[in-house]
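Please read the structure below before turning to the comments.
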Amino acid sequence: QRIVRPASMDDAPAIARIVNHWAAQGKMLFRRVEEVERSIRDFVVLQDDGEVTGCGALALYGADLAEVRSLAVLPSVQR
């Protein structure tokens, strides 16, 4: 089953792994697990049969300004 849900602290290593897969290719910025943990409330994850396969974050800067960050999925689930 595929669901999108708010991220938990337990998801931080998987989020960092997904983001850093793309960072190694120069497509995203590298994120340490500790960085992800500090902003975990901003994240949602895509979960496929219990495995985190995607992520995204929305960083709010004010009432009328936000930034989509760390939006990525594993290559195995791309379409």
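At a glance:
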{"item": "Single match in Arg2, Arg79 (criterion: touching a residue at least 40 places away in the same chain (Cβ under 8 Å), exposed (fewer than 12 other Cβ atoms within 10 Å of the Cβ) and of a type in the set (Lys, Arg))", "result": "Arg2"}
{"item": "Some residue of the range 47-54 being of a type in the set (D, E, K, R), at pLDDT below 95, out of contact with any Asp or Glu (no Cβ under 8 Å at 6 or more places or on another chain) and open to solvent by 90 Å² or more (accessible area, probe 1.4 Å)", "result": "yes"}
{"item": "Among the residues listed as Leu58, Leu65, the single one being open to solvent by 90 Å² or more (accessible area, probe 1.4 Å) and free of Cβ contacts under 8 Å to residues at least 40 places away in the same chain", "result": "Leu65"}
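The values are calculated or read from the model by the stated rules, or taken from the named source; none is laboratory data. Owing to the predicted nature of the structure, the values given are computational and were not obtained by experimental measurement. Glycine gets a Cβ as well: all are built from the backbone with ideal geometry, and neighbour counts include every protein chain shown. All accessible areas refer to the heavy atoms of the entire protein, side chains included, with ligands and DNA or RNA removed. Shrake-Rupley method; radii C 1.70, N 1.55, O 1.52, S 1.80 Å.
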